[in-house]
1. Hey, what angle do you get for helix 7-16 against the long axis of the chain, alpha-carbon based, 0 to 90 degrees rounded to 10?
2. To check you understand DSSP bridge types, tell me what percent of the beta bridges within the chain (both residues inside) are antiparallel, rounded to 5.
3. Contact order normalised by length for the chain, with contacts defined as Cα pairs under 8 Å and 6 or more residues apart; what percent is it?
4. Treating segment 7-51 as a set of equal point scatterers at the Cα positions, no solvent, please give the Debye-formula log₁₀ I(q)/I(0) at q = 0.25, 0.28, 0.29 Å⁻¹.
5. Please work out the Cα center distance from segment 98-124 to segment 28-71, rounded to the nearest Å.
6. As a check on your grasp of the helix formula, calculate [θ] at 222 nm for the chain: sum -39500 (n - 2.57) over DSSP H runs of n ≥ 4, divide by the residue count, round to the nearest 500.
7. P(r) for the chain: what percent of alpha-carbon pairs falls in each 10 Å bin, starting at zero?
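What follows is calculated from the coordinates using simple rules that are stated; it is not laboratory data. Keep in mind the model is a prediction, meaning the values are calculated, not measured.
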Ligand SMILES: [Zn+2]
């Protein structure tokens with residue numbers, strides 16, 4: 001059993017525990033996604049895992065058409081978190097056609113095809 005997981009495995013390990021963690025660069029303070037070994041902003045190698053605020057907004061959105069018997073249409077989106085990072089996600093809990101660019105969302109750990117994944121829902125209030 002290896003102690004030191006790679007950055008991607010660390011991220012997935014967090015998801016498996018219901019946590020969405022982002023790396024933050026100790027040198028320039030920026031948050032990083034996808035997980036990696038070097039800061040893409042300044043090249044720093046001292047990165048610290050931090051839980052995300054979970055707050056963000058929809059950056060782009062697409063409705064994927066699917067037969068009703070397969071679960072119906074669903075949303076695929078790029079979200080931008082308040083930490084300044086973007087990631088693929090899916091807005092659950094509302095009609096996929098009602099997902100709008102700029103809509104405030106809250107992230108949570110859900111399930112896509114049996115794997116833990118970052119999902120989101122419309123932010124409260
Ligand atoms: Zn940096």
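1. With both axes taken from Cα atoms, the answer is about 50 degrees.
2. Values: 30 of 31 bridges.
About 95 percent, rounded to the nearest 5.
3. Details: 254 pairs, mean separation 26.1, N = 125.
After rounding, I find 21 percent.
4. Debye curve over Cα of segment 7-51, log10 I(q)/I(0) at q = 0.25, 0.28, 0.29 Å⁻¹: -0.78, -0.93, -0.98.
5. After rounding, the separation between the Cα centres reads 12 Å.
6. Working: 1 runs with 10 residues, N = 125.
That comes out to -2500 deg cm²/dmol.
7. Values per bin, smallest distances first: 13, 40, 32, 13, 3, 0.
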